[in-house]
Amino acid sequence: MKVRPIYIDVCALSRPFDDQSFLRIRLETEALNLILLNVREGRYTLLI
């Protein structure tokens, strides 16, 4: 499987520290967690 580079803006990395009572922020946090899981498992290379 080919490892794909993925760019994440630095401000996106702070999303988990934002107010999670808003649905949109919670969904963005979950998406970020899924992306970071794939980075840890070697599916993506993180570009910051």
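Taken together, the values in this text are just the output of simple stated rules run on the coordinates, not laboratory data. No experiment lies behind these values; they were computed from the predicted model shown. Because the Cβ atoms are built from the backbone with ideal geometry, glycine has one as well, and the counts that use them run over all protein chains shown.
What the table below lists for this structure:
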item: For the chain, with +1 on Lys and Arg beta carbons and -1 on Asp and Glu, the positive-most of ALA12, TYR44, LEU27 along the dipole; result: TYR44
item: The chain, relative contact order in percent, only Cα pairs under 8 angstrom and at least six apart counted; result: 62
item: Value of [θ]222 nm, deg cm²/dmol, for the chain, DSSP H segments ≥ 4, -39500 (n - 2.57) each, nearest 500; result: -14000 deg cm²/dmol
item: On Cα atoms only, tilt of 23-40 relative to the major axis of the chain in degrees; result: 20
item: Backbone N under 15 Å from the LEU46 label point (7 Å along Cα→Cβ), restricted to region 3-30; result: 4-17, 29-30
item: Distance (nanometres) between label positions extended 7 Å along Cα→Cβ at MET1 and ARG24; result: 3.2
